[in-house]
Amino acid sequence: MKILNAINCANPAGGGPIESILQAHTALKHLGHDSEIVCLDAPLSPWLATLPITTHPVGPAHSKYRYTSRYIPWLRAHASQYDCVLVHGIWLFPSSGAWRALRGSPTPYFIYTHGMLDPAFRSLFPWKHLQKQVVWRLVERRVVQDARALFFTCEEEKRLAEKSFSPATYRSAIVPYCIGNPPGEPGVQRNLFFETYPRLRGKRLILFLSRLHPKKGCDILLKAFATIAQDRPDLHLVMAGPDSIGWRGDLERMAQHLGVAEHVTWTGMLAGDLKWGAFRASDLFVLPSHQENFGIAVVEALACGVPVMISRRINIWREIEADGAGFIGEPDTASFAGLLQQWLSTDRETTHRHHDHARRCFEQRFQSSKAVANLLTVLKGLGVSGP
């Protein structure tokens, strides 16, 4: 089978969707299948040279809508070379362009919604939601309804989408993200992290690894951490991730005001062995997001055997709670302060059990080999087969 992934941007710094594409590509190759990418990046974008997958950049894209005149002609000219097209996301030109290029053609397209139909956006971004209501009725509803199927990464995402935009009729399937086993040597990665941040040796580390953005609940975490850290010199919070909106200065001042600045290390974005070393060195991963479709970093923590503390707005919370792989709360300071206190008071035997459950949760639910097998089964069940 040969699969084409259509995505707005193939920059690995974009996180979840592109990371899943890359992980799926590796797993598909092992099974004798192939996958490629068409993206709206400019051909000379520096990250394209590092991708381990054939990529067709048809940009540069223009405006917030990410329009490029090369996308639809390219799809029409090359669609017959693929058994299907997986469109990643809606609301931007990759989805409507795929609809215009592929409707009525022998090559079916499927849409990963990537949480973009979550009703939480009504309250988080009310003005944007009103704009999307108009776009939905004019364009996206037909894009969705003409797809062979919509792919949701978990049951919670599917359930929430049904409460979002209407009227809409579509076929759907659960197709989780692909997350491979962490690469590299754990001991080497852990040592690299401590060599880079030597003052963290011997500390009990709580890791946040995501964008520094209000949606991610960074302020919630800082305030909750302050309730437990001031009389615990062994505790340390690692805030890892890119400062996507220039918020880090405000957060650092917040930590200073809360009296925990000396207990917090800001690393910026981590990648490669240094990122995996941060996971390996940590005792707990925390993400108090207000909305999260899947949470790649959450699953990466599980893959490293690190228990997670997340909000019920992260759509895989039910699976994690069922497996005893972490702590689940509401995205507010009081809830996470209570969860952190609960974690601190956990006895050593239960702590070891949490670590074991975290790894088992990853192996049974999220590992790429199982996710890709599920993807292939779903595609074949929906009429897609290779030559």
_What whole-number distance in Å separates the alpha-carbon centres of the range 340-387 and the range 280-333?_
12 Å
*What residues qualify as long-range amide H neighbours of HIS56, i.e. H under 5 Å apart, gap of 5 or more or another chain, H built at 1.01 Å from N?*
ILE37, VAL38, CYS39
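Sorted by accessible area (1.4 Å probe), largest first, how do MET269, MET1, MET116, MET239 line up?
On the way: MET269 105, MET1 25, MET116 65, MET239 0 Å².
Largest accessible area first, the residues go MET269, MET116, MET1, MET239.
Which value at 222 nm does the chain reach when only helices count, each DSSP H run of 4 or more adding -39,500 (n - 2.57), with the total divided by all residues and rounded to the nearest 500 deg cm²/dmol?
Working: 16 runs with 162 residues, N = 387.
It comes out at -12500 deg cm²/dmol, rounded to the nearest 500.
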_Prolate/oblate/rounded label for the range 170-228 (Cα gyration tensor, a/c 1.5)_ = oblate
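Mind checking the per residue accessible area of the chain for me, 1.4 Å probe, whole number of Å²?
Values: 16370 Å² over 387 residues.
In whole numbers, the chain has 42 Å² accessible per residue.
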*For the range 1-50 versus the range 239-253, the gap between their alpha-carbon centres in whole angstrom*: 28 Å
*So, by mean Cβ neighbours within 10 angstrom, what's the order for 372-383, 327-338, 40-51, 213-224 with the highest one leading?*
213-224, 327-338, 372-383, 40-51
*asked:* Less than 12 Å Cβ to Cβ from ILE7, Lys/Arg counted +1 and Asp/Glu -1: what total charge do the surrounding residues give?
replied: -2
*Quick one: with all protein chains in place, what share of the accessible area of the chain is carbon or sulfur, to the nearest percent (1.4 Å probe)?*
52 percent
*Counting only residues 5 or more places away or on other chains, whose amide H sits under 5 Å from the amide H of ALA149 once H atoms are built in the peptide plane?*
ILE111
_Sequence of ARG66, ARG348 when ordered by accessible area, the most exposed leading, probe 1.4 angstrom_ = ARG348, ARG66
*Exceeding the 28 Å Cα-Cα cut-off - candidates LYS215/LYS370; LYS29/LYS380; LYS158/LYS203*: LYS215/LYS370; LYS158/LYS203
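The values are calculated or read from the model by the stated rules, or taken from the named source; none is laboratory data. Nothing here was measured: the structure is a model prediction, and the numbers come from that model. Note: ideal-geometry Cβ built from the backbone for every residue, glycine included; neighbour counts use all protein chains shown. Accessible surface is based on the protein model in full, side chains and every heavy atom, while ligands, DNA and RNA are left aside. Shrake-Rupley method; radii C 1.70, N 1.55, O 1.52, S 1.80 Å.
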